[in-house]
Amino acid sequence: MFSVFNVQCPQQLKRLNLSESVHLRRLPNLSSATELEWISLQGCESLLEIPMSIQCLQKLVCLDLQGCKKLRSLPNLVRLKSLKELSPSYCSNLKMLPEIPIGIEELELEDCGLEGLPSSVPFLEDIYILKLRNCENLLSLPRSFHLKNFDALDLSGCSNLTKLPEIIGDLKVLLLNKTAIEELPSSIRSFSSLVVLNMKGCENLKNLPSCICDMKFLQMLILSGCSKLGKLPPLYGLCSLRELYVDGTALVEIPIDIYAAECLHRLVLSGCSKLAKLRPLHDFSHLMLSYLDGTVLIEILIKRLNGRRSTIVMCHKRLHALPLNCTLMDTAGSYIVPIAECEELSGSYNVYNYCNSVNSDQNARGDIMVDALLRMKEISITSDADAHVIVGLPGSEIPECFNYQSPGSSMEVLFPQCCFNSLFLGFAFCVVLDFEVPVVPKEGEEIISGAQRVHVPELLEERAKACGIDVNTITTYIDSFRYGAPPHGGFGVGLERVVMLFCVLNNIRKTSLFPRDPLRLAP
């Protein structure tokens with residue numbers, strides 16, 4: 001046990017740093033330290049109270065109480081006119097915050113035991129940082145907030161917060177993930193500059209207000225894990241929306257006006273077990289559609305190149321139909337089916353490559369050929385330039401629709417009379433190619449190694465402290481994951497080993513420009 005109960009502070013003292021004094025239980029009388037500007041009690045786990053004499057510190061600017069776990073209350077701080085920074089974060093036993101001066105600028109209440117906020121908080125005109133993340137005991141907020149200097153409001157992890165107050169301000173980031181919010185107020189239409197809205201894990205959310213379509217600057221809408229959300233509002237006004245996450249929701253369909261979100265790059269639908277079908281997706285310049293749980297779609301990539309579209313579709317065996325411009329599927333398993341279309345100097349060059357659909361049966365291949373022939377005719381009729389089409393299929397036999405067949409590298413063909421009129425579209429050739437498959441050891445070969453970046457802010461902070469790194473020096477990096485940066489990773493490819501396998505070589509040194517071994521160091 002340690003206390004400084006009978007100690008008087010020097011009158012000219014300006015900074016008082018008692019950080020990590022884990023056995024400190026009480027502070028001295030502070031009334032004589034009238035010049036005191038900065039107090040840090042961070043990590044004082046045994047501190048029981050803050051003396052009333054702190055009200056005499058008219059020049060106090062910063063009061064850091066982070067991690068004072070046994071602190072249950074604070075004296076009234078309204079008289080501290082110079083106070084700009086107050087941080088009782090991680091004070092798990094602090095149930096109520098006293099009245100605070102209106103000139104405060106930074107109020108950090110993360111992982112605090114607060115059940116409510118004082119009435120003065122909504123009217124702090126100079127405040128620009130308000131952190132309420134992971135306040136699990138917070139039941140309600142004041143009826144309205146005036147946050148004119150705010151860019152971001154983080155209420156994530158406030159698991160008992162059921163209602164969002166009316167917020168007046170110009171927010172750009174609103175984080176409500178893992179809260180108990182059931183609906184958003186109609187006043188959310190005032191967030192005209194909102195860029196990120198994260199409601200991941202809001203399991204009580206049943207609907208979104210229709211006025212959300214007024215957010216013309218919204219770029220990321222995250223509704224992952226909102227298991228009671230069965231319907232999306234109109235999306236026609238979300239002209240800047242780039243990422244829409246609705247995985248794990250109860251959606252039955254995607255609104256037809258999703259085409260208005262012309263900037264949409266990513267649509268995540270994993271775990272949407274009630275989503276029976278998708279509307280045709282053909283009006284997007286670049287769309288990544290992720291459906292990772294093996295029920296309908298896995299991935300669709302659609303983009304327009306020089307006025308033309310190229311599409312890559314990955315389908316699953318339970319998917320029986322695709323939009324016309326996204327047909328071409330493997331009904332026997334999960335394989336990428338790429339359709340590429342590009343421009344050459346000599347005209348249009350189209351590639352429909354199904355060589356990786358190795359599990360497709362004869363009927364599926366027949367359907368693919370019929371579809372490809374229809375596309376060839378369509379391209380030949382509508383294209384101003386000469387159309388060149390290549391279709392690739394797995395197999396070892398030439399389809400019966402090719403009238404002239406012969407082994408070897410040549411054959412004789414009699415041209416029919418119809419090929420000499422204007423209705424003749426062109427020639428179709430089919431060739432069976434045999435590729436030498438490299439021999440790979442039974443246990444396989446490693447050609448890629450990689451890792452996923454740690455994206456949990458709390459874990460990053462924990463590891464930084466364990467390694468002796470000051471968390472304040474990397475706050476920008478850590479906050480990027482709080483404000484919507486998705487989980488991601490990377491990998492590296494051993495190109496020499498890949499070349500060795502493709503070329504069926506017996507030694508990796510044969511694929512390296514300057515190989516090294518125990519007997520070779522130069523060049």
*asked:* Of ASN507, VAL454, PRO486, which is farthest towards the positive pole of the stretch 450-514's charge dipole, taken about the Cα centre with +1 and -1 on the beta-carbons of Lys, Arg and Asp, Glu respectively?
replied: ASN507
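Using packing as a proxy for protection, rank 63-70, 135-142 so that the peptide with the highest average count of other Cβ atoms within 10 Å comes first.
Order by mean packing, descending: 63-70, 135-142.
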_Need one word for the stretch 36-124: rounded, prolate or oblate. Basis is the Cα gyration tensor (sqrt eigenvalues a ≥ b ≥ c); a/c below 1.5 gives rounded, then a/b vs b/c decides._
oblate
_Selection from SER89, SER40, VAL121 lying farthest towards where the dipole of the stretch 8-124 points positive, charges on Cβ_ = SER40
*Could you work out how far apart the two model spin labels at CYS503 and VAL252 are, taking each label as a point 7 Å from the Cα in the direction of the beta carbon, and quote it in nm?*
6.0 nm
*How would you classify the stretch 1-157 from its alpha-carbon gyration tensor, with a ≥ b ≥ c the square roots of the eigenvalues: rounded for a/c under 1.5, else prolate if a/b is greater than b/c, otherwise oblate?*
oblate
*asked:* How big is the dipole moment of the stretch 450-514 about its Cα centre under a simple scheme where the beta carbon of each Lys and Arg is +1, that of each Asp and Glu is -1, and everything else is neutral? Debye, nearest 20, please.
replied: 440 debye
*Taking a 28 Å limit on the Cα-Cα distance, which of the listed pairs LYS59/LYS131; LYS69/LYS178; LYS172/LYS200; LYS228/LYS465; LYS131/LYS200; LYS172/LYS206 fall beyond it?*
LYS228/LYS465
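Ordering THR249, THR473, THR162 by accessible area with a probe of 1.4 Å, largest first, what comes out?
Numbers: THR249 5, THR473 100, THR162 70 Å².
Most to least solvent-accessible, the answer reads THR473, THR162, THR249.
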*Cα-centred dipole magnitude for the stretch 8-124, charges only on beta-carbon of K, R (+1) and D, E (-1), debye, nearest 20*: 460 debye
*Size of the stretch 458-523 along its principal axes in angstrom, Cα-based, largest extent first?*
50, 27, 17
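Tell me the trypsin sites (Lys or Arg not before Pro) within the stretch 133-185 that lie in a loop according to DSSP and have at most 13 other beta-carbon atoms within 10 Å. Each step should come with its number before you reach the end.
Details: sites: ARG133, ARG143, LYS148, LYS163, LYS172, LYS178; in loops: ARG133, ARG143, LYS148, LYS163, LYS172, LYS178.
Passing both the DSSP loop test and the Cβ count: ARG143, LYS148.
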*Any idea of the accessible area per residue across the stretch 450-514, 1.4 Å probe, to the nearest Å²?*
70 Å²
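The values are calculated or read from the model by the stated rules, or taken from the named source; none is laboratory data. Since this is a predicted model, take the numbers as computed values, not measurements. Heads up, the Cβs are rebuilt from the backbone with ideal geometry, glycines too, and the neighbour counts pull from every protein chain shown. Heavy atoms of the whole protein, side chains included, go into the accessibility calculation; ligands, DNA and RNA do not. Shrake-Rupley method; radii C 1.70, N 1.55, O 1.52, S 1.80 Å.
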